[in-house]
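A.B. asks: Before I ask anything, here is the structure I am working with.
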Amino acid sequence: MRPLTKLISKTASLAAVALFSLNLSAAPIEIKFSHVVADNTPKGKMAKKFKTLVEERLPGKVEVKVFPNSQLFGDNKVLEAMLLGDVQLAAPSLSKFQKYTKSLQVFDLPFLFEDMNAVEKFQNGPEGQKLLSSLEKKGLVGLGYLHNGMKQLSSSQPLKVPADAKGLKFRIMTSDVLAAQFEAIKANPVKKPFSEVFTLLQTRAIDGQENSWSNIYSKKFFEVQDYITESNHGVLDYLVVTSKEFWMTLPDDIRPVVKQSLAEAISYGNKIAGDKALSDKQAIIDSGRSKVLSLTDAERKQWVNAMKPVWKEFEGEIGKDIIKAAEQSNQ
Ligand code: SIN
């Protein structure tokens, strides 16, 4: 879309919100929720839950359109589109915000969180809550954290120790921390959108990738990767986000209902994420298409030792206090 056309379309959608608040138009406020994963994932289910709740509570006043599987925007474009008013809600992975804030990079540090309980404790604590507003200067509002789960490493080769990954190409999200993590084990990170991962793996243009059980299962990566190492080396979680402009122009009697419905949908998504990870992992094992490898304590220690220096590298950008608070959430 050309800049002038974009401006006209953005002005029209803001005008619709304004007209609604003056009661001059019966047209419902449209909320487009764009995401990149399948419907049958914690994020896909959360988005559908939000639609059900908000349309039940505000019949004829708000209409939610959910676009899964990168149908509307890929994660690398969605935030730009949001600032232009082309989409109102998204939940990109926390690894995709580095252009807007450096502090959220804490979630990408390898082996920082021992499990999802620690992630949740940090997100609900004072430092985690402060990070929700770290995008405000850029015109974005963080509305809540949504879980997917811990990341695993998939590859065309068995990965038991870091040396096994040397020289292999791994697809990563657009995060310099993730790039440094793979460089630390002498592998080659390749930043690519989520929608391209399956084909890249299938054609062997890359050797591996890191993702949650739910994404590896729902996007069928396990069908084109021979091995998955249960490394739990990092976290894949989301920030539910909107634009400040859209949020502030919502009528005062609508915004709290949207906010409450989102909070309930997020809490539903967070509740099902743990079970989804377990059942999707089991489905992968049962398929026999990919061999799931576990690490001994000694092998795991080698990965930790190789990747942990990345913390120091990004301490200045992220903030020592934030990293410390995240580390303490393991206790
Ligand atoms: C997502 O879960 O939203 C995508 C994760 C990825 O890009 O690997």
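A.B. asks: So how strong a dipole does segment 150-257 carry about its Cα centre when Lys and Arg Cβ are +1 and Asp and Glu Cβ are -1, to the nearest 20 debye?
C.D. replies: Taking the Cα centre of segment 150-257 as origin, the dipole is about 360 debye.
A.B. asks: If one computes P(r) from the Cα atoms of the chain, what percent of pairs lie at distances over 35 Å?
C.D. replies: 22
A.B. asks: Here is a follow-up. May I ask you to sort Asp164, Asp39 by Cβ crowding, counting other Cβ atoms within 10 Å and putting the fewest first?
C.D. replies: Result, fewest neighbours first: Asp39, Asp164.
A.B. asks: Per the Kirkwood treatment, what hydrodynamic radius in Å, one decimal, follows for segment 145-232 from the mean inverse distance over all distinct Cα pairs?
C.D. replies: 12.9
A.B. asks: Mind checking the angle between helix 309-318 and the chain's longest principal axis? C-alpha axes, 0 to 90 degrees, to the nearest 10.
C.D. replies: 20
A.B. asks: Also: Where a Cα-Cα gap under 19 Å defines reach, which aspartates and glutamates qualify for Lys271, not counting those fewer than 8 residues away within the same chain?
C.D. replies: Asp39, Glu114, Asp115, Glu120, Asp237, Asp280
A.B. asks: Considering the options Gly316, Ala277, Gln71, tell which one lies farthest towards the positive end of the dipole of the chain, charges being +1 on Lys and Arg and -1 on Asp and Glu at the Cβ, about the Cα centre.
C.D. replies: So the residue we want is Gln71.
A.B. asks: Report, by chain and number, residues whose modeled amide H sits under 5 Å from the one on Ile31, excluding near sequence neighbours (fewer than 5 apart, same chain).
C.D. replies: Glu63, Val64, Lys65
A.B. asks: Mind checking the dipole of segment 202-324: about its Cα centre, +1 per Lys or Arg Cβ, -1 per Asp or Glu Cβ, Debye to the nearest 20?
C.D. replies: Using Cβ point charges on Lys, Arg, Asp and Glu, segment 202-324 gives about 140 debye.
A.B. asks: With labels modelled as points extended 7 Å from the Cα through the Cβ direction, what inter-label distance (nm, one decimal) is found for Glu230 paired with Asp252?
C.D. replies: About 5.4 nm separates the two model spin labels.
A.B. asks: Net charge near Lys45, counting Lys/Arg +1 and Asp/Glu -1 over other residues with Cβ under 9 Å of its Cβ?
C.D. replies: +3
A.B. asks: Expected output is a single nm value to one decimal: the length gained when fully extending between Gln71 and Glu196, i.e. 0.36 nm times separation in residues minus the C-alpha distance. What is it?
C.D. replies: Contour length minus the Cα-Cα distance gives 43.7 nm.
Where a number appears in this text, it was derived from the coordinates with a stated rule and is not lab data. Because the structure is a prediction, the values reported are computed rather than measured. Ideal geometry is used to build each Cβ from the backbone, glycine not excepted, and the neighbour counts take in all protein chains shown.
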